[in-house]
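Below: one structure in structure tokens.
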Amino acid sequence: MPENKKYYITVGRRKESIARVRLCSGTGTITVNKRAFDEYFPRETHRIIVIRPLEITGSTGKFDVFANISGGGESGQAGALRHGIARALLKVDEGQRTTLKKDGLLTRDPRAKERKKYGQKRARKHFQFSKR
């Protein structure tokens, strides 16, 4: 990671995942947990989700992204990284707010796993009922 560049540091979250994102000017490489982007997200849908904020703002080859992601699963981590990249792009240029906001990239997705309730098998599933 180059030392003498200016970094835009942000945090993105989704479900249980937290992505700490560092954005700096560069060639467009994305590094996730010190691994290549394609290697970390083998699914094409997850890669499309992550790249979306860069495509919308037209800055696909302009910035290098370094991310540390922890917690959750693949989908949550992809969503968290997308949220972090969108926030970092907003720090770079405040004029991109309307573009990012219109696509819903700046909003933290509030959906999370519902808690299990007592007297039930899971959050909504009940134990089998028998009258006798």
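The values are calculated or read from the model by the stated rules, or taken from the named source; none is laboratory data. These figures come from a predicted structure and were not determined experimentally. Positions of Cβ are backbone-derived with ideal geometry, glycine not excepted, and every protein chain shown enters the neighbour counts.
Of the conditions (1) under 11 Å from the mean Cα position of the chain (by Cα); (2) within 17 Å of Val11 (Cα to Cα), Phe66 satisfies every one except a single condition; which number is it?
The number of the failed condition is (1).
Here is a further query. Quick one: which of Glu55, Glu114 is in a loop (DSSP other than H, G, I, E, B) and charged (D, E, K, R)?
Testing whether each residue is in a loop (DSSP other than H, G, I, E, B) and charged (D, E, K, R) leaves just Glu114.
In segment 92-126, what residues are in contact with a Lys or Arg (Cβ under 6 Å, 6 or more places away or on another chain) and at pLDDT 95 or above?
Taking segment 92-126 and keeping what is in contact with a Lys or Arg (Cβ under 6 Å, 6 or more places away or on another chain), we get 108-109, 112, 116, 122-123.
Residues satisfying the conditions are Lys116, Arg122, Ala123.
Check whether at least one residue in segment 87-97 is of a type outside the set (A, V, I, L, M) and over 20 Å from the mean Cα position of the chain (by Cα), and report yes or no.
Kept after step one, since they are of a type outside the set (A, V, I, L, M), are these residues of segment 87-97: 87, 91, 93-97.
The next check asks that each one be over 20 Å from the mean Cα position of the chain (by Cα); those that pass are 95.
Yes, segment 87-97 has at least one match.
Tell me, which residue of segment 105-123 that is in contact (Cβ under 8 Å) with a residue 12 or more places away in the chain and of a type in the set (D, E, K, R) is farthest from Ala67 (Cα to Cα)?
Lys113
Return the residues of segment 6-50 that are of a type in the set (Ser, Thr, Tyr) and either touching a strand residue (DSSP E or B) at 6+ places or on another chain (Cβ under 8 Å) or surrounded by 12 or more Cβ atoms within 10 Å (Cβ to Cβ) (or both); say none if nothing qualifies.
Those that are of a type in the set (Ser, Thr, Tyr) and either touching a strand residue (DSSP E or B) at 6+ places or on another chain (Cβ under 8 Å) or surrounded by 12 or more Cβ atoms within 10 Å (Cβ to Cβ) (or both): Tyr7, Tyr8, Thr10, Ser17, Ser25, Thr27, Thr29, Thr31, Tyr40.
What's the total number of residues in segment 54-73 that are in contact (Cβ under 8 Å) with a residue 40 or more places away in the chain and of a type outside the set (A, V, I, L, M, F, W, C)? Let's see the steps before the verdict.
Looking only at segment 54-73, we keep the residues that are in contact (Cβ under 8 Å) with a residue 40 or more places away in the chain, and these are 56-57, 63-73.
Narrowing further to those that are of a type outside the set (A, V, I, L, M, F, W, C): 57, 64, 68, 70-73.
Total satisfying the criteria: 7.
Okay, moving on. Output the residue which, of all residues in segment 5-47 that are touching a Gly at 6+ places or on another chain (Cβ under 9 Å), of a type in the set (Lys, Arg) and in a loop (DSSP other than H, G, I, E, B), is farthest from Gly95 (Cα to Cα).
Lys15
Now, a different point. If you scan segment 62-90, which residues turn out to be basic (Lys, Arg) and within 18 Å of Thr29 (Cβ to Cβ)?
Residues of segment 62-90 that are basic (Lys, Arg), as a first pass: 62, 82, 87.
Hits for segment 62-90 are Lys62, Arg82.
Quick one: Val50 ticks every box in (1) β-branched (Val, Ile, Thr); (2) outside any loop (DSSP other than H, G, I, E, B); (3) more than 10 Å from the chain's Cα centre (by Cα) bar one, so which box is it?
Unmet condition: (3).
Another question, if that's okay. Residue pairs, Cβ under 8 Å, 6 or more apart or interchain, first in segment 1-17 and more than 19 Å from Gly28 (Cβ to Cβ) and among the basic types (Lys, Arg), second modelled with pLDDT of 90 or more and in a strand (DSSP E or B). List them.
Correct list of pairs: Arg13/Ala19.
Can I ask one more? Might you let me know whether segment 91-105 holds any residue that is hydroxyl-bearing (Ser, Thr, Tyr) and part of a loop (DSSP other than H, G, I, E, B)?
no
Are there any pairs, at least 6 apart or on different chains, whose C-beta atoms fall under 7 Å, with the first in segment 75-104 and on the phi < 0 side of the Ramachandran plot and in contact (Cβ under 8 Å) with a residue 12 or more places away in the chain and the second charged (D, E, K, R) and part of a helix (DSSP H, G or I), and if so, which?
Arg82/Arg52; Leu90/Arg97
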